[in-house]
Each structure stands twice: as structure tokens, then as C-alpha cells.
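Data block below; observations after.
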Amino acid sequence: MTNKMNRNLKFLVAAAALMVAGTSAQAQIAAPEHLSDTHTMLRVQPGSGYLLLPVEEKEENAHVDVVCDNHVVKSFNVKLAVDKVDYFVPLSFENKGNEKFLLDIVFPADRHKTGSVKNFTCWKEMKLSATFDTENRERFRPAYHHTPKYGWMNDPNGMFYKDGQWHLYFQLNPYGSQWENMTWGHSVSSDLVHWQQLPDAIEPDALGSIFSGSAVVDKDNTAGFGAGAIIAMYTSAGRHQTQSIAYSTDGGRTFTKYAGNPVLTLDVPDFRDPKVFWHEGTQRWIVVLAVGQEVQFYSSKNLKEWTYESSFGHEYGNHDGVWECPDLIELGDKNKEWVLLLNINPGGPFGGSATQYFTGKFDGHQFVCNSKPTTTKWMDYGKDHYATVTFHNAPEGRHVALAWMSNWQYAGVVPTLQFRSANSIPRDLKLFKSGDETMLASVPSKEINALRGKQLKKLTNACEVVVDMKGSAEVVLQNAKGEKVTMRYDEANRTFAMDRKQSGATQFSDAFPIETVAPTFGTIRQLRIFIDNCSIEAFDSEGKMVMTNLVFPSEPYSTVKVKGGKAKVFEIKI
């Protein structure tokens, strides 16, 4: 075959392979250009729609650079399908015209197990579409807990309240249901229950992925971006972890990154998760940062220039893992105390991740703990309560907390695909005394209480169970297949336990089938149990004991049996 004939044949094959989808007359995907066993280029003219990327979770990540006019406009990692498609994720090109894009795709080096790259399933299944279907296809998706429409979610970020809306940002992977490509997703709600997911708020840039952080309402224009501007402070996770800011003048919908980023650096590997708040006593902004196994406090007048104040943590509390996602709030009426929330992974009371806390004093410079260094206090004694932080600027002086409802031991393998992970129900925080110790109580927020509907005769997939105790008691939630969750309250020993070893699907992780046990810090007279499609959250009525655990029953629990008390079942009005 002559070179000319060969070139003509290649041209005809490429032309025949041109795939056209209905986003516009110009929308098209050209045949992939396979340059080696690990390198493919794909030319796309998307029109105004999405390129739907087929994902296979068992595969390794491929790296994708999206190039327009010789500039990289987006970079991300995605597990492109080799043998079969588990689900699709959308790639939005954010163009309004007919720009042409080049996808420069590099696969992991070792391809000998999967054959030639040109035969990968992804090239056959990739398609253009004017829309992306986010309708729920998961039986374990919660009914009244916040979840992303698709993709992976972990830590809640940047939470604030303004103009009647609660804003929740969160660590999101838009290109798959496992951790990667950390971006700030964004949802808003008027009632902390019904959430609307908005376009992603802050995306990775030259300084790195967008790790956890916080957001504040700059009422007095201290940063110079306008009175009432929303200032987000987050960790840029690149070659090192540094702190950056971005500002929004449209109520938190869109952000502009500050040209002087990063605004805070340190020569340590773990330096992240800034939580900013206004300290009235010193009239300055304070940020608390997780730094290895301690926290550090910095102050600023303008949210741009920061001064080191002090550190806390050596020899205090649990140090079995890295400290993450700190928060510092002042609670109480007459006898106010400061509470330092501090998340740790691993090191939780039953393995993996959990939220510990410290109580004490803070003068704008230094936190002084009022407990002995060896004292460890846990906010929630379940397996699935982590990265807990509170909303800034909450109304009525409230301190409302949300957690990531999962555990790093198995979060990436729980039996869902369209999405992974949910947030806990919102909880209002308050203090109580147990002996000489100041303790933190968590009660379901009033917005959750407002969901209580009519009394039911049996359990449903989304309901509340109220158990009035007469002393020690046992509560069993069960379905027709014999899957069950058993809860036991021991009045004499002041303990509460939840056993999920027979709760349904547990085989995905050896760390999942377990019984968790909590001190009750007094007598439980009433127990409130919130059941959703994949979770159980148990509170004593005063919030002194809280336990959050995931469950994955093959069908919803339908019966509740109680020894030592009486149960009422209420619908949750969604």
C-alpha cells in the first residue's frame, strides 16, 4: 500500500468514526488519536452541552488536560472505562460558542493487563449530550440528608447563613464517586433539609486542589472587596499545603480568587482546613488551622495578612492520627466557654475517623483547655460522624453543626455508585456539666423537629422513632429478611450501644460490622432515633449521648421491638 493510499484510508476511517450528538449542529467528537499505549488525544466541539465520560471504578485514574486555543483550561483525573461502564460523569466545557477543545489523556504506565488502549470501552461509550441525568438511581440515597447529585463528597466546607439561606460548600469530586479532584461543591437551603445544588463554587488551579476551609460574611468590608462580601479561606493543596482566599459579591454563588494567593504559608507537610471567625474582644479575624497534631491560631485585620498567635494540642486529647477540620466557638449563657472541635483520622473510639473536642478559654490569642491533658471527649460515639464544623453567622445566636456521615476506613467502597456520602442531620450545640467536666451536647435542630408528621404503625425507610425508657432497655429494628440493628441501654453502667453486625450489607469492609458503645452522662429517659435509607442517628432527648452509624439493609427495616420501654413511630415529612 502506498503512503498516499494509507493516508487516504486513515482519513476515511477517521471521518467514518466521527460521532455527532444533538447539542447543536456543530457538536461532535472526532475519532480518538492513540499516540501510544498510555497517551490518547481526543478533539471535541461540544456546542453548549456536556461530554459524558464513562467511568469504571476498578480502574486507575487517567489524567485529562482540556486544551482550548493552546491553553490548558481544566485538568482532572478520572477512571475511564476499560471493560465496562459503571456510570457516567459530565464534563462541562463552559463555552457559549463553537470552540474546539482537545482532550489530552494520559493513562497509567502499566497497561499490559488491560490490552491495547484503542480497544478501551470508553471510546465507544463517550457521548455528547445537552443534559446530564441526575435523577436518583440509588436505593441507599438518603431522603432527608444532604447528598451531592453525583460524585464523591467528604468534608463540609465554608458554611454560612445570609439573607434567609444556609450555604453549604463541600469537598466534591465531580468526575467520580471516589476521592479525587477536590473542588468546592455548593448547595443552598432555606430550612437545612431541602437542598438545591448549585454550580461548583471553587475549582482547582495552579496552586493545587481546593481542600477544606471556611467562609465568613465580611459585614464591614475589612478585606476591601465590599461590605457584605463573602470571603472563603481554603487550603490550596499543591506541592505544599498553603492557605488562599476567594471573594464573592453575589452572595456566595460565584467566587473570584485573590490575586495575592497564597495568603498564609508554613514549612510543614500537614497545614490545612482554616476556620475563620470574628473575635469581638480583640476586633480581629482569627483563623484556627490544623497543623499535624496540633492547631495554630493566627489573627488578621483584613483576612489577607496574618500574624501567628499561639498553638494548642501537644499532649492534649487523642493523637493516634492527623488532626483535621478544627472549629472554635463560644457557647453558654451566663457561664460561657469556648469549644474547640477537632477531627482526627485515624484514632476514633471504634477505629478510623471521629470528632473530638476540648473546652476552655480563648482570649483572642491563646486557647487554654480546662480539662486534664489525658482527657479525651468525643462529640459522637458512632463510626460515621467526621469533619464536623459549624455555620458562620447563624441566626438567633445559634451554633448549628453538620458532619460528614462516613468513615475513612470504608467511605470509598460503601454500596453506592451514583454518589458517595451524605451529611448528618443538622445539630444545635450547647453545654452541660458532668461532674467537674464541661461537656458538649448535640440536639436535632428545630428544622428537623419540624419534619415530624403523623404517627405510624410500622417503620418506613425514612422515619423517627421515639422510645420512652423505664430503665435499661433494648430496641431492635428489623426487616422481613432478618436484618437488624440492636440498641441496648444499660442504666446501671450508664452506657448505650448500637450493634450493626447484622444490619444488612457489611461485607464491603472488615471495619464495618461492629458494635459501638457510648457513655450516657446520666440517665436516658427518652431516646430519639432518626432512620433514613442508609443511616441511623440516635440521640437521648437532652443530646448528652449521640451516635451516628451507616447501615445498608437489603430492604427497609419494618418493625421495632422494645424491651423496657415503649416506642412511637413518626413519619418524616420530606
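Check off (1) within 21 Å of F76 (Cβ to Cβ); (2) open to solvent by less than 10 Å² (accessible area, probe 1.4 Å) for W166 and give me the number that stays unchecked.
(1)
List the number of the failed condition for E33; all other conditions in (1) over 16 Å from L91 (Cβ atoms); (2) open to solvent by less than 10 Å² (accessible area, probe 1.4 Å) hold.
With (1) over 16 Å from L91 (Cβ atoms); (2) open to solvent by less than 10 Å² (accessible area, probe 1.4 Å) applied to E33, the lone miss is (2).
Only one of these is open to solvent by 10 Å² or more (accessible area, probe 1.4 Å), acidic (D, E) and not in a strand (DSSP E or B): E315, E330. Name it.
E315
With respect to the numbered conditions (1) open to solvent by 10 Å² or more (accessible area, probe 1.4 Å); (2) out of contact with any Leu (no Cβ under 6 Å at 6 or more places or on another chain); (3) closer than 20 Å to G543 by Cβ, which one is the sole condition not fulfilled by L431?
(2)
Give the residue that is farthest from the chain's Cα centre (by Cα), with candidates limited to residues of region 511-528 that are assigned to a strand (DSSP E or B) and hydrophobic (A, V, I, L, M, F, W, C).
Residue satisfying both the conditions and the ranking: L527.
How many residues does region 45-67 contain that are modelled with pLDDT of 95 or more and more than 27 Å from V413 (Cβ to Cβ)?
Looking only at that region, the number is 4.
Out of F508, F496, I need the residue that is within 27 Å of A387 (Cβ to Cβ) and part of a strand (DSSP E or B). Which one?
F496
Filter region 77-90 down to the residues that are open to solvent by 20 Å² or more (accessible area, probe 1.4 Å) and farther than 19 Å from H39 by Cβ and list them by number.
D83, K84, V85, D86, Y87, F88
May I ask you to list the residues in region 392-413 that are open to solvent by less than 10 Å² (accessible area, probe 1.4 Å) and either under 29 Å from D220 (Cβ atoms) or among the hydrophobic types (A, V, I, L, M, F, W, C) (or both)?
V400, A401, L402, A403, W404, M405, A411, listed by residue number.
Which of the residues that make up region 471-515 are surrounded by 22 or more Cβ atoms within 10 Å (Cβ to Cβ) and either more than 18 Å from F140 (Cα to Cα) or aromatic (F, W, Y) (or both)?
Correct list: A473, V475, M487, Y489, F496, M498, F512.
Please enumerate the residues belonging to region 110-139 that are at pLDDT 95 or above, in a helix (DSSP H, G or I) and hydrophobic (A, V, I, L, M, F, W, C).
Residues satisfying the conditions are C122, W123.
Return only the number of the condition from (1) assigned to a loop (DSSP other than H, G, I, E, B); (2) over 23 Å from T134 (Cα atoms); (3) of a type in the set (K, R) that K84 does not satisfy.
Among (1) assigned to a loop (DSSP other than H, G, I, E, B); (2) over 23 Å from T134 (Cα atoms); (3) of a type in the set (K, R), the lone unmet condition for K84 is (2).
Among the candidates T183, T134, single out the residue that is among the hydroxyl-bearing types (S, T, Y) and closer than 30 Å to W278 by Cα.
Result of the check over T183, T134: T183.
Evaluate region 91-107: report whether one residue or more is at pLDDT 90 or above, farther than 23 Å from N181 by Cα and open to solvent by 40 Å² or more (accessible area, probe 1.4 Å).
yes
Please list, ordered by first then second residue, the pairs with beta carbon atoms under 8 Å, 6 or more apart or interchain, first in region 128-157 and on the phi > 0 side of the Ramachandran plot, second assigned to a loop (DSSP other than H, G, I, E, B) and at pLDDT 95 or above.
G151/P174; G151/Y175; G151/G176; G151/S177
Identify, from the list G252, G224, G228, the residue that is buried (at least 21 other Cβ atoms within 10 Å of the Cβ) and on the phi > 0 side of the Ramachandran plot.
Checking each option against the conditions leaves just G252.
Going through V569, V551, V546 one at a time, which residue ends up being over 23 Å from the mean Cα position of the chain (by Cα) and open to solvent by less than 20 Å² (accessible area, probe 1.4 Å)?
Testing whether each residue is over 23 Å from the mean Cα position of the chain (by Cα) and open to solvent by less than 20 Å² (accessible area, probe 1.4 Å) leaves just V569.
What's the total number of residues in region 523-537 that are open to solvent by less than 10 Å² (accessible area, probe 1.4 Å) and either modelled with pLDDT under 95 or farther than 18 Å from E483 by Cβ (or both)?
Within region 523-537, residues that are open to solvent by less than 10 Å² (accessible area, probe 1.4 Å) and either modelled with pLDDT under 95 or farther than 18 Å from E483 by Cβ (or both) number 4.
Just checking: which of the strands (runs of 3 or more DSSP E) contained wholly in region 388-484 hold 1 or more residues that are touching a residue at least 12 places away in the same chain (Cβ under 8 Å) and within 19 Å of the chain's Cα centre (by Cα)?
By residue number, 400-404, 427-434.
In region 50-76, what count of residues is obtained for those that are under 22 Å from F419 (Cβ atoms) and either assigned to a loop (DSSP other than H, G, I, E, B) or open to solvent by 40 Å² or more (accessible area, probe 1.4 Å) (or both)?
Selection size over region 50-76: 7.
The values are calculated or read from the model by the stated rules, or taken from the named source; none is laboratory data. It should be emphasised that the depicted structure is a prediction, and the values quoted were computed from it without experimental measurement. In this analysis, Cβ positions are derived from the backbone assuming ideal geometry, glycine residues included, and neighbour counts consider all displayed protein chains. Side chains included, ligands, DNA and RNA excluded: accessible areas come from the protein's heavy atoms. Shrake-Rupley method; radii C 1.70, N 1.55, O 1.52, S 1.80 Å.
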